[in-house]
Each structure stands twice: as structure tokens, then as C-alpha cells.
Amino acid sequence: MTVSLLYVLTAVLVFAAIFITGRRLRGIARARNAVVLLAHKVLSLGAVALFAVTAQRVNAETGLGRGVLAAIAAGGVLFVGTMATGGRLSARETTPRAARLLHRILALFTVLVSALALYLLLVRA
């Protein structure tokens with residue numbers, strides 16, 4: 001399996017949709033954000049699945065090196081951390097500023113490490 005341009009575009013669109021729904025959550029009253037929150041969570045889960053399945057398929061066909069596997073593992077850990085902090089934010093009535101900042105920082109690092117892993121997959125595949 002090669003990591004195609006279609007996959008790259010799909011990944012970019014998924015990350016953009018996650019970002020857009022996340023930004024929308026900031027400006028919507030808590031009572032009206034259930035649909036946006038659900039979309040944000042489902043898109044995030046879909047991104048993790050897309051990332052994991054692609055990495056597994058490329059690894060099965062080409063055998064990934066330690067650097068690529070480390071980038072993929074780091075991306076997975078960051079995804080989980082971002083989801084955990086996001087879940088904590090959505091469960092609370094009021095959110096501490098530090099928790100929001102941590103979620104944003106983790107989300108930024110998730111995108112950066114995922115982009116690095118995707119690049120390494122493209123080079124490898």
C-alpha cells in the first residue's frame with residue numbers, strides 16, 4: 001500500500017475539520033454545542049483510526065524503521081492525551097485556563113508529530 005495523495009488530502013481535511021469544530025466549541029453556549037462537540041469527538045476518533053490503520057498497513061507491507069515507529073507511537077500518545085484533556089474540558093461546567101492551554105498545546109503537538117509521521121510514511125512507502 002502506498003500512501004497516496006488522496007490519503008494525504010483526507011488527513012489534512014480531517015485535521016482541518018477537527019480544528020474548525022474545536023474553534024466553534026469556544027464560541028457556542030454550552031447548551032447548544034452538543035452537535036458540534038459530537039462532530040469534534042467523532043472526527044478525532046476517526047483521525048486516530050485512519051492514522052493507526054494506515055501505519056499498520058504500511059508496516060505490514062514495507063516494515064517500518066524505528067524512527068518512523070517512534071513518530072507513530074508519539075503521535076498516538078499525543079492523540080490520547082489530547083482526547084483526554086478534551087474530554088475533561090467537555091465534562092466540566094467551568095474549565096481552568098491551564099486545562100484549556102494544555103489541550104491546545106497537545107493538539108498542536110499532535111498535528112505536528114502526525115505530520116512528521118505522515119511524511120516519514122510517504123518517504124518510506
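The values are calculated or read from the model by the stated rules, or taken from the named source; none is laboratory data. Because the structure is predicted, anything quoted here is derived from the model rather than measured. No Cβ is skipped: glycine too gets one built from the backbone with ideal geometry, and neighbour counts run over all protein chains shown.
Determine which single condition Leu69 fails, assuming it passes every other condition in (1) farther than 29 Å from Val123 by Cβ; (2) surrounded by 12 or more Cβ atoms within 10 Å (Cβ to Cβ); (3) without any contact (Cβ under 8 Å) to a residue 40 or more places away in the chain; (4) aliphatic (A, V, I, L, M).
So Leu69 meets the others, but not (1).
Determine which member of the set Thr85, Thr62 is free of Cβ contacts under 8 Å to residues at least 24 places away in the same chain, farther than 20 Å from Leu9 by Cα and among the hydroxyl-bearing types (Ser, Thr, Tyr).
Values: Thr62 fails: free of Cβ contacts under 8 Å to residues at least 24 places away in the same chain.
Result of the check over Thr85, Thr62: Thr85.
Read through the list (1) more than 27 Å from Ser4 (Cα to Cα); (2) small (Gly, Ala, Ser); (3) in contact with a Lys or Arg (Cβ under 8 Å, 6 or more places away or on another chain), then give the number of the only condition that Gly65 fails.
Condition not satisfied by Gly65: (1).
What's the number of the only condition in (1) surrounded by fewer than 17 Cβ atoms within 10 Å (Cβ to Cβ); (2) without any contact (Cβ under 8 Å) to a residue 60 or more places away in the chain; (3) among the polar types (S, T, N, Q); (4) in contact with a Lys or Arg (Cβ under 9 Å, 6 or more places away or on another chain) that Asn33 fails to meet?
(1)
Go through (1) among the aliphatic types (A, V, I, L, M); (2) under 18 Å from the mean Cα position of the chain (by Cα); (3) loosely packed, with under 13 Cβ neighbours inside 10 Å one by one and return the number of the condition Ala115 breaks.
For Ala115, the failing item is (3).
Yes or no: the range 49-57 includes at least one residue that is modelled with pLDDT under 85 and surrounded by fewer than 14 Cβ atoms within 10 Å (Cβ to Cβ). Before the answer, list the steps.
Within the range 49-57, the subset modelled with pLDDT under 85 is 50-57.
Now restrict to residues that are surrounded by fewer than 14 Cβ atoms within 10 Å (Cβ to Cβ): 53, 56.
The answer is yes, given that some residue of the range 49-57 is modelled with pLDDT under 85 and surrounded by fewer than 14 Cβ atoms within 10 Å (Cβ to Cβ).
Would you please name the residue that is farthest from Val123 (Cα to Cα), looking only at residues in the range 78-98 that are surrounded by 14 or more Cβ atoms within 10 Å (Cβ to Cβ) and among the hydrophobic types (A, V, I, L, M, F, W, C)?
Among them, the one singled out is Leu89.
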